[in-house]
Amino acid sequence: MHSQAAAVHPEVHNPALLHHFAEPQQQRDAASLGMWIFLATEVMFFGGLFCAYLIYRIKYFGDFAAASQTLNAALGAANTVVLICSSLTVVLAVWAAQHARRTMLLVSLVLTIILGFAFLGIKADEYKEKFELHHVPGASFQFQKSIPGHPDQMANPQHAQIYFALYFIMTGLHALHMIVGIGIFTWLLYSAWRGRFTPEYNTPMEIGGLYWHFVDIIWIYLFPLLYLIDLHK
Amino acid sequence: MAIENPQPERVNYLNKEYGIGSWLLTTDHKRIALLYLISITFFFFIGGFFALLIRLELLTPAGDLVQADTYNKLFTMHGQVMVFFFLIPSIPAVLGNFLVPLMVGAKDLAFPRINLLSWYLYVIGGILMLHCMATGGVDTGWTFYTPFSTAFSNTKVIEAGLAIFVAGFSSILTGLNFIVTIHRMRAPGMTWSRLPLFIWAHYATSIIQILGTPVIAITLVLVVAERSLHLGIFDPKLGGDPLLFQHLFWFYSHPAVYIMILPSMGVVTEIIACFSRKRIFGYSFVALSSIAIAVFGFLVWAHHMFVAGISVYAALVFSLLSYAVAVPSAVKVFNWTATLYKGSIHYDAPMLYAFGFLGLFTIGGLTGLFLAALGVNMHVHDTYFVIAHFHYIMVGGAVMGYLGGMHFWWPKISGRLYPEGWARLAALIVFIGFNLTFFPQFILGYVGMPRRYYQYPAEFQVLNVLSTAGATILGVGYLLPMIYFLWSMRYGKPAPDNPWNAAGLEWKTASPPPTFNFDQEPVVTWEAYNYEELDAPHREEVPVAG
Amino acid sequence: MAGSVDALYIFLLIVSGLMTLLILAAVVFFAARFRHRRGVPAEQIEGSTPLELIWSVIPLVVFMVIFLWGAIVYFKGRTPPRDATEVYVVAKQWMWKLEHAEGQREINELHVPVGRDVKLIMTSQDVIHSFFVPAFRMKQDVLPGRYTVTWFRATKPGTYHLFCTQYCGTQHSGMIGNVIVMEPAQYEAWMSGGSTGPLSATGEKIFSELGCVTCHRSDAQGRGPNLQGVFGKPVELADGRTVTADENYLRECILDPGAKRVKGFRPIMPTFQGLVSEEQVNALVAYVKSLSPSGKSGTASSPAVAVPVKAPGRAVSKGSQVQ
């Protein structure tokens, strides 16, 4: 396959150049555009959930506020910090790959993965808390809380259950994407350790980084919309 | 008896490697296109079989062929299979996959392995669907409205939902691949304005695929979650809103119909240009119309909900926008017709399908105006009028375009010529059978026969019988190409590189093409649809790669 | 109503027919006239921007005409006249249960007098259904959890098909019935043949039995808002919004009192979800409506005072679910 490609392109070429591309820049541009388009599909995917959430929030304002206030904003904030730091380590890793700094690359990748696990760990803690409070939708769901600002009116548990259903689906899907991200970065770590990335070729790092930043941004939207929005009522 | 080739056979993408492994692990877009061809044809006949049973039941007013529950499963699965496993992939996954790289002058799509992955996702979705059908099926209607689908149906809603979810990713990846290919892989000299309109059509289609499909994906996730965990997102008894489901569902499913028709429009454009021997009239307008349809198509979803309980003002907005989206489609019909003017017209089978498309799509599109009219919609919504309308577009439009394209590019794909006489006969049979099947349904709808009914008042019987008669004729028309295409693979005349003397880079390479499409990278120095040059024998032929 | 739908339909038929004939004629003519002939090449015509504009603008204008016409017909169809006779409809898998305001109950049949406006206030017990009478050229989806409304005025005595036209499960095609339009005299005769009394009277009984009357007193001393004259009027809510007290609002107050609590009242009303059937909710709503001069009581009454009611076309859409 390579020799055939070499016959078509007699000039010396990067072994990472795939046969159907004319030159490395084209391959890079294609990979980058492909990842951006994929991220656009993810925006639409999460977008449906955000839409449903916003519509119900308008409809069941008080009940959703009550439910939101039971979230652990401190843990959520911790997770936000964790993710922002991990985006920093990702940026450092991409830069390191582009500048052939092997140690920095490997360390940044390892840190990114650790931070990813930290995020999941904190999330697991949060979910455990919700489970103990019987806020997980299902047969054992319970919700006894008054509507913020109206201490004599109890929130409607059915509406609160919708809140928590959306909460778990949104954060759960996000966590799933985090797990995939950790998987991608584990593979990137392995490739980096094998010396696969050079200043000429580090496209997987670049597009892996794009994916991680995107997952981070989804959280940047989730956190205020779910946790912060009714903190002070 | 096989016809002997005068020369030893050239190496092409078909004979380069043999063995099932070379097919199942291929990254060649042309082989993947054939893998899709086999799978979607398989599902087409499954969906068609369900249609046959439906039409047989509807021969008589009483529900006497199958039980009510069975009938409900039949129309549900007919819809799901035809929409998600036939129409949505059809042209993009078969003709698009095969032709997009060739038409832009590339060696393959941007992401060949993702292309193969998209086929496997389709197959996995298909297997899930088959399993669902074999173990009880689903009876929610292809639209699976809540709360029936989430809280009342006793059938395999979750499995069907998962099957469609997986197949949806196949669609997304195809769209992604096409967009990147069209942006980044065009050969030198292939500017945007030199692209065949088939490419513009697929570009517009791909935009819809990547932006719309994720929304049905998340809707399916919510439905599956609600059904399995007894949540209340769409169930009024638990505080949910069934109309929210409909908005989310139709936000994708309306643009989805443009996924189904735009590629067909692209095919028809190529055929009309070739068999009129002239450049398409109004190239820029046709190209922009495709984009306009894709964009406006996202703004009209609630025209499926005029009597669903939305506010009058919302209905007004969506009706207005629905008329806006009708304009670019009308513009295309006029441009196709104008292309015929002062052309040099040939009546080969692909052109017959294109003519059929023109007539049937016009009727189907015009009946869309009826449905977009709020006052009429109140009467014909959820009746056979709607069924007739969308079958005119989907079958009279999309499938005619698909068949026309299969005939037009068959020599390129297979290296063989199909038998022209049989092909023209099949086109005629399809056209007659189609009209007989579906025109009576407009009348049936206006006099009040609702959708999804397996028993009906006796006064509706005559029209139903006509429709069933047409369906049997249509079935014959569809079987014929199956038979003679297969026949041609062994006994058909070997095809020259360019049997139609058509414009387009795909015709400048061998039939069938070599694995990497072109022996040398093409350099484009001519405009699209250069039929004047192609038909001018005294002019020196423009230097061509290979 | 049906006439105006048919008129628009015929107009559409004419426009579409002309358009189809035009395209068909052009295609057939061009295909024949410009059939390929040896030595006669095709003429390469790039296009014509003026032509493109013409055949974009003219269809758009025609479409706008159709749109406006359709919008007017639709608006009328979704705006029940003020003095329409009311019938409450409860759809369930797989039958139609109807109750006239005067109290007559029917299953799968609806008797109405010719020439009278009839307004249907509909809800579903389970899944989405749709009330469709082809002869009247009208349909309206019937949703669980809220009221939807439609209306008609029958112009010819006769028996007409009633179909459920939103797929609802096994016996969807069996959920059919008849609308029986009678001469006024016949209708009166039918009406007098047995009923349990006006719906609002039934509602009044339930109102008392369930204890509503203890809080919703007609003086200003009640722990709940006074319901006299509340129907159709704007109501200020505790959360600052203002909604119109239409049928959907009344229904919501009974089943989910916390959602739109009236300003100035404490959140102590219990929910009656699960404790009342759809028919009982209908009766209660009818009763509360009868406490307003503009509401219907099911008895022959002509209010002297015309109370400004809801804005046209918003009969039951304020304060309810996603539109």
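Assorted remarks:
- Residue order, fewest to most surrounding Cβ atoms within 10 angstrom, among B:HIS391, A:HIS213, B:HIS29, B:HIS407: A:HIS213, B:HIS391, B:HIS407, B:HIS29
- Cα long-axis angle, helix B:420-446 against chain B (0 to 90 degrees, to the nearest 10): 20
- Look at the stretch A:23-35: the mean tally of other chain Cβ atoms within 10 Å of its residues' Cβ atoms is 4.
- Shielding by other protein chains, B:177-185, mean Cβ within 10 Å: 5
- Surrounding net charge for B:ALA151, when Lys and Arg each add one and Asp and Glu each subtract one, Cβ distance under 11 Å: -1
- Longest segment of chain A lacking GluC sites (Glu not before Pro) that sit in a DSSP loop with at most 13 other Cβ atoms within 10 Å: A:12-199
- Nearby lysines by direct alpha-carbon distance to B:LYS493 (threshold 25 angstrom, same-chain neighbours under 8 apart not counted): B:LYS16, B:LYS30, B:LYS412, B:LYS508
- Likely footprinting exposure, B:PHE318, B:PHE439, B:PHE198, fewest C-beta neighbours within 10 Å first: B:PHE439, B:PHE318, B:PHE198
- Global geometry of the protein assembly as shown, whether rounded, prolate or oblate, following the gyration tensor of its Cα atoms and the 1.5 cut on a/c: oblate
- Calculated FRET value between B:ASP519 and C:ARG35, using beta carbons and R₀ = 30 Å, to 0.05: 0.20
- Expected 222 nm ellipticity per residue - DSSP helices of 4 or more, -39500 (n - 2.57), all of chain A, to 500: -25000 deg cm²/dmol
- Kyte-Doolittle at least -0.5, axis length at least 30 Å by Cα - qualifying DSSP helices, chain A: A:24-59, A:73-98, A:102-132, A:157-193
- The alpha carbons of region C:85-192 occupy a box of 39, 24, 18 Å along the principal axes, longest dimension given first.
- At 0.890 mPa s and 25 °C, Stokes D of chain A from Kirkwood alpha-carbon radius, µm² per second: 123
- Using alpha-carbon coordinates, inclination of helix B:68-80 to the longest axis of chain B, degrees: 30
- For region B:338-400, relative contact order (Cα pairs under 8 Å, six or more residues apart, normalised by length) works out to 45 percent.
- Expected-Rg normalisation [2.2 N^0.38 Å, Cα atoms] applied to region A:148-233: 1.65
- Exercise: per-residue mean of other protein chain Cβ atoms within 10 Å, B:323-336: 4
- Other residues within the sphere of radius under 15 Å centred on the Cβ of B:ALA187, judged by their own Cβ, net out at -1 (K and R +1, D and E -1).
- Cross-link partners for B:LYS332 among the lysines, with Cα-Cα distance under 24 Å and sequence neighbours closer than 8 places in the same chain left out: B:LYS278, B:LYS342.
- Virtual spin-label span in nm between C:ASP6 and B:TYR18, 7 Å along Cα→Cβ: 7.0
- Neighbourhood charge, 14 Å Cβ-Cβ cut-off, centred on C:ARG153 and excluding it, Lys, Arg +1 and Asp, Glu -1: +3
- For C:VAL262, nonlocal amide neighbours, meaning residues 5 or more places apart or on other chains whose placed amide H falls under 5 Å from its own, are C:ALA238.
- Taking a ≥ b ≥ c as the square roots of the Cα gyration tensor eigenvalues, region C:201-290 comes out rounded, since a/c falls below 1.5.
- Share of pairwise Cα separations in region B:401-447, more than 15 Å, in percent: 58
- Sorted peptide list for C:22-35, C:67-80, B:158-171, criterion being average Cβ within 10 angstrom, highest first: B:158-171, C:67-80, C:22-35
- Calculated [θ] (222 nm, deg cm²/dmol) that DSSP helices of n ≥ 4 give over chain C, each run adding -39,500 (n - 2.57): -11000 deg cm²/dmol
- Across all C-alpha atoms in chain C, the radius of gyration and Dmax reach 26.1, 100 Å.
- What the Cβ-Cβ distance of C:LEU53 and B:TRP192 gives, at R0 = 25 Å and to the nearest 0.05, is a FRET efficiency of 0.65.
- Which of A:CYS85, B:CYS132, C:CYS253 has the fewest Cβ neighbours within 10 Å, and the rest in rising order: A:CYS85, B:CYS132, C:CYS253
- When each full DSSP H helix of chain C is screened for a Cα extent of at least 27 Å along its own axis and an average Kyte-Doolittle hydropathy of at least 1.0, the helices passing are C:2-33, C:49-77.
- Over all distinct Cα-Cα pairs of chain B, the Kirkwood formula returns a hydrodynamic radius of 24.0 Å.
- Of all DSSP beta bridges in region C:85-192, antiparallel share, percent nearest 5: 70
Where a number appears in this text, it was derived from the coordinates with a stated rule and is not lab data. Treat the numbers as computed from the prediction; the structure is a model and nothing was measured. Here Cβ is always computed from backbone atoms with ideal geometry, including for glycine, and neighbour counts include all displayed protein chains.
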